[in-house]
Structures are given as structure tokens and as C-alpha cells.
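*Asks:* Dropping a structure here in C-alpha cells format, bear with me for questions.
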Amino acid sequence: MGKSSILKSIKENKPTLISLPEIDVNSFEETINLVETFKKNVESVGGNIKELGQIQDLDLEIKNRYPNAKRIFSQISESVLGNVQISEQTKPKDLENLDLAILKGVFGVAENGAIWISDEQFSIRILPFITNDLVLILQKKDLCQHMHHAYKMIANRTRTFGLFISGPSKTADIEQCLVIGAQGAMSLTIFLI
Amino acid sequence: MMSHSKLAEIFNKDEAKVNWHDKALWYVREKRDTAAHHVKGWEYLRDLASGIKANVLSNLDNYLVEFEKNAQSNGIEVHWASNAEEHNKIVYKILTQNNATKVVKSKSMLTEECHLNPYLESKGIEVIDTDLGERIVQLAKEPPSHIVLPAIHKTKEEIDVLFQEHLGTKPSNGDPQYLTNEARKHLRDKFLNADVALTGVNFAIAETGGFVVCTNEGNADMGVHLSKVHIACMGIEKIIPREEHLGVFLRLLARSATGQPITTYSSHFNKPAPGNAIHIVIVDNGRTEQLSREDFRSSLSCIRCGACMNTCPIYRRSGGFSYNATIPGPIGSILSPGMDMKKHSSLPFASTLCGSCSNVCPVKINIHEQLYKWRQIITKEQKQPLIKKTILKITGMVLGRPKLYAVLGISVRWMLKYAPRFMVYSKLNAWGKSREFPKVENGNFDQWYKNRKNNG
Ligand code: SF4
């Protein structure tokens, strides 16, 4: 019987209780320029990042960067490029040929260029992975320094599915040569507003 | 059963490849150093990780029960398996309940350990490993040779030939971009047609009943979100108490593994998507026994970053297959004798006890000290001549190369004379007479030896 025998064996074999350390976040605080650090780290993980003066420029920028994208899903009201609808009837496989997804990022983490997104931003979980290219829109004010802050920011979320996404999918499994574009999105572009 | 040294000899037949392997891994190790140095409070982070894991092991039963309760209340089904056989049966049962014949699987050392693939294949199930490196070794009918870089032992030309044969690619002289792109197309097809997705678990959170899976390729998510059923397999030691602890572990994991600040995707699963199912299989398979061994217990804190392999002079020059174990390298040499001491008796000797592994380990496992402790146990239980022969071979094979002598500043004669004594009985400072062990922050092996030489 799996469960009871495993628990019994643990009880018999575990050491006496060792207390759980508290995380002293002060040890990690630095005065850094959040925007600059974030930008530098996004680039270091293979992402593109651009600051936009005004959100009105968004569609033009996207068209310049992804001129061949035809099937586009947009979750951003400021973008009119979206022409793919997602409803409750949409099956994950229906998005097989999606060229571009434009989504809102909830917040970014300066230390690693990661952005938190969850199923509240994309109604179908496969979306940010299956799309050929991914665009995330992020407010400059929504940046935090490191992961300890990040977990505080999502502590009270409704827990379903969410992820930190840092750059486009990549691999170095062939002789340690970095290749951007493995099984997920081939590119990630972040527009900072 | 071939010893580590015999298998290492085989790997060492191709010297150019060994040199490449050695350098490639050292390069990864250096990237790890750079990444670590960019984090304020890195050493404190390691202390925290070590402390959290120590607490976990001392309260593991309660955390597992808490995790199960919270996972279940989120609609996740939880299964328990005492050993590999039970694990495989549970997975197969879930597959049959869902009429599944096609499975896509992302990286999971646990399913390697349980030999899940051959088991499922014998039942007529197609299992496709979807991490590129794992797919490469799967096509080559080999196990992974490294826990993070499964195909590090293969040249791009070998992969080229392999893909021509299995994926119908054109000869490309091993162009990584082309080959990766072809693999992407091939795997796309597999993702779209899979019935069930299998993943490992990097961290399971007691407080929330959720779990996190980290990949760079996005292969775990591609599989999971295109399938109706997700099976996640985890060893009992993957539990962490609270979600905020992910802050500690995710900061350490990728930096220690590849020098990246975080993996591309860190996916947090808490609830199945509407209409879908998530199953978690919690597996013991010898872990509670390791928990009982006071000296070796902390090896269960391992977060599988691979840093101890990348830094190990023996691993780099003998290759993952020389360990003939699911987890190779320094940490594997502590875990494997716990599973089968006879079979893996040569592994704790496949080390110079230089301590570099312990210095880089993000959860501060005292790896080299545990290797030393296994040696004492094994030396007691096995015939001496065998042990001595093993050590001599390792020493001669891995360190016995003209170029390395220069670096090491020692002679073969010296090694042959003192090595057995040193390797079996030495404490850390045995290289000197009674000097302190040189303190090496994030110890650089070569530098350490260089210092040794200079200090006579
Ligand atoms: S023992 Fe430490 S360094 Fe080695 S793989 Fe595990 S966590 Fe990483």
C-alpha cells in the first residue's frame, strides 16, 4: 500500500524537526535602475524589448517587427491587429497555425527578465506556447527587483495556471550551441509602456 | 557489472571528444560562476535553500499530507507509489483509463529511474521524449548522459546522421539551427497527436497543492496544454513548504545549471483546465531508506541542477555513461550506492575529493564528504585488492595524461604510490601533510591544484 507505507517509513526515518528559516528579503535589496536592469536581462535571455512613448504606436511597431504575421490574436484593446477569436469552443489544436499572440504581462522581474502571465491573460493555456511569435505589453511601473518580491505580488492570486516567461523558447542541446526557437514561441518581443 | 574505470576507459578512447566534453562542461561551470556573482546575497540564498530542504526532510510526512489535501481540493488526483514498479503500473492504469496510446514526455529523471519508457513500450504505448536532448538520446537508444544536458556526449555530426536516419533530414554537417528546426517540426506533430502528457516536477508546494515545472524549450507546456490528461511524476523529496520558497529555489536553479538567470518557462500548475485532468504520482523508490541514513540523508535535498557534474574533473573526463546509473556524477555517486551498493561500489571512488562539487551545490550538500563516507563503508564490506585496483585505474585513466600532469603538478609515480591511501583514507588535507585545506570560494579545480603545486 503506497501512501500509508511511505508515510510510515518517513516517520520512522526522518530526523528530529529542524526549524524552517525565514527569508530575510533585506539581504537581497539593491539600489538598481529597474527598467535598465530589466531591459538588459531580457536581451541576455534572447528577448527583444522596446520602450514605447505612447501605446498608440503599438500596432505600427508590431507590423514593422512581424510583417508576415497573418493569423493574430490580440488581447489588448489598443491593438486592432487581432483577427483570431478565442471562445469556449476553441480547442487548443485550433491554434496550431497562429502566427502571433499579443498579450498583457502582469509584471516583470528585473533580475531575470521574466514576466508573469496567467490564464487570466490568456483564456486558453496553450496560447503563449503554440503561437509562432509572442508579444507582451508591460507597464514600466509594473517591475519588481527580484523573485522574492515577485512571489509577494502573486501571493493572493486565484491559483489556476500561470508562469514566469523569460525570453523565447531555446535550446543548446546540440553541442552547446544556443538556438533560439525550440518547441515554444520562436521569438518574444516586449513593449514597455 | 563494469566498474566506473572500465567504462571511463571506453569513453577515453576518443581523446578529442573527451577534451571537447571536458571544456564544454567547464564552460558551463564558468557561466554558473558569472551568474552567481551577479546575485547579491548568493551565499545567503544557498544557506536558505539548504535550511529549507533540511526542514523539509525533517517534516516530510506532514508536508506530503498537506500537499495531497490541497492538491485534491483543487481537483488534482494524487497517487502514491512505493517503488518503480508501482509507479509504472499507476501511470499505465491512467493511460488505459483514458484509452491513451500516444504519450509525450518532458524531462523527468524519476521516470528514467523507474524505466518507465521500456515498460510502457512493452504495453504498446508510444512514448516520445520531447526535450531535444532527450529526443536525441532516445533516437540513439541511449540513456541521458547528464541530467541537464542529456546529449552532451554526442557531436553535432552524430546527431546529423541520427536525424537523417530517423527524421529524414538532409545532410547538414551538423548545423544546429537546421537540426533544431527539423526537430521542432517533428515534435509539433507528436504534440498535436498525443493523448496524454507526462512531466516531471521541479517543486511541489505543500501550502498550495500546486507544482512547478521548468523548461527552456517549452516542451513540457506544449505537451500538457495540448493533451486532455497531464501526469506529473515526483519523488517524495520534491516538496517545499511554501510558495514563497520558490523565490529561493528558482533564483538558484537555472543559474547553477546553465548560468541563465531563470529558465525560459517556469510553469505553475494549480488546477486542471476545464474538462482536463491532472494526476500526480508521488514516488518513494528507495528515498525513505536514504532518509534513514544520517550521513547521506541530505543527498535528498538535490534540486538536479547538474552543477556538481559540470565542475567535477572526473565526470568531465569520464562522461556520464561511465557511472552506469540514472544520475551520474558526484551526486549520483552518493545516491546510487544507496540503491544498490554492490552494483555501484566503484562510484564513490570516482572522485578526487577536491570538494568542488560541494562548493557549487546550490543546496550545499556536502557531496565530497559523503563520497568519503561511502568509501569507508564499501572498503569495509568489499575485498581490498578490488578497491585498490579500481582506484589505480581511475587515477591512471583520468588523471594520467601528460597535459594534465602539467596542470596537476604531480607524477604518475607519485600518484601510484600515494593515490590508494589518499583516495580511500584521506581527509581533505591529505595532499599536504598537516596544512589547512585551501579555502576556495566556488572552488576552481585547476587553480586549486596550481596553488597546491606552488605551495609544494
Ligand atoms: S547535488 Fe547539488 S550541485 Fe549536484 S545536481 Fe544536486 S543540487 Fe545540483
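Any read-out appearing in this document is the output of simple, stated calculations on the displayed coordinates, not a laboratory observation. Keep in mind it's a predicted model, so treat the numbers as computed, not measured. Note: ideal-geometry Cβ built from the backbone for every residue, glycine included; neighbour counts use all protein chains shown.
*Asks:* Which one, A:LEU100, A:SER166, A:LEU52, is farthest towards the positive end of the dipole of the range A:19-192 when Lys and Arg carry +1 and Asp and Glu -1 on their Cβ?
*Replies:* Checked the options; the winner is A:LEU100.
*Asks:* Calculate the dipole size of the protein assembly as shown relative to its Cα centre from +1 charges on Lys and Arg beta carbons and -1 charges on Asp and Glu beta carbons; express the result in debye to the nearest 20.
*Replies:* Dipole size: approximately 2480 debye.
*Asks:* Count the DSSP beta bridges whose two residues both fall in the protein assembly as shown, then state the antiparallel fraction as a percent rounded to the nearest 5.
*Replies:* Working: 21 of 67 bridges.
Counting DSSP beta bridges with both partners in the protein assembly as shown, the antiparallel share is about 30 percent.
*Asks:* What is the magnitude of the charge dipole of the range A:19-192 about its Cα centre, with +1 placed on the Cβ of each Lys and Arg, -1 on the Cβ of each Asp and Glu, and no other charges, expressed in debye to the nearest 20?
*Replies:* Here the range A:19-192 has a charge dipole of around 400 debye.
*Asks:* Rounded to whole Å, give me the distance from the Cα center of the range B:187-248 to that of the range A:73-143.
*Replies:* The two parts, judged by their Cα centres, are 20 Å apart.
*Asks:* What whole-number distance in Å separates the alpha-carbon centres of the range B:89-154 and the range A:1-25?
*Replies:* 30 Å
*Asks:* Antiparallel as a % of all DSSP beta bridges within the range A:19-192, to the nearest 5?
*Replies:* Antiparallel bridges make up about 30 percent of those DSSP assigns within the range A:19-192.
*Asks:* So for the pair B:ARG188, A:LYS93, with labels modelled 7 Å out along Cα→Cβ, what separation do we get in nm?
*Replies:* Placing both labels 7 Å beyond Cα along the Cβ direction yields 1.6 nm.
*Asks:* For the range B:1-30 and the range B:355-377, write down the distance between their C-alpha centroids in whole Å.
*Replies:* 21 Å
*Asks:* In the range B:244-294, which GluC sites (Glu not before Pro) are in a loop and have at most 15 other Cβ atoms within 10 Å, using DSSP for the loop call?
*Replies:* Sparse-neighbourhood loop GluC sites (Glu not before Pro): B:GLU294.
*Asks:* Put +1 on the Cβ of each Lys and Arg and -1 on the Cβ of each Asp and Glu in the protein assembly as shown; which of A:SER87, A:ILE126, B:CYS312 then has its Cα farthest toward the positive end of the dipole?
*Replies:* B:CYS312
*Asks:* For n ≥ 4 DSSP H runs only, could you compute -39500 (n - 2.57) per run for chain A, divide by its residues and tell me the 222 nm figure to the nearest 500?
*Replies:* It lands at -6000 deg cm²/dmol.
*Asks:* If you place +1 on the Cβ of every Lys and Arg and -1 on the Cβ of every Asp and Glu, how big does the dipole about the Cα centre of the range B:182-266 come out, in debye to the nearest 20?
*Replies:* 180 debye
*Asks:* A follow-up question, please. If I take every Cα pair under 8 Å that is 6 or more residues apart in the range A:19-192, average their sequence separation and divide by the length, what percent do I get for the relative contact order?
*Replies:* Relative contact order here is 26 percent.
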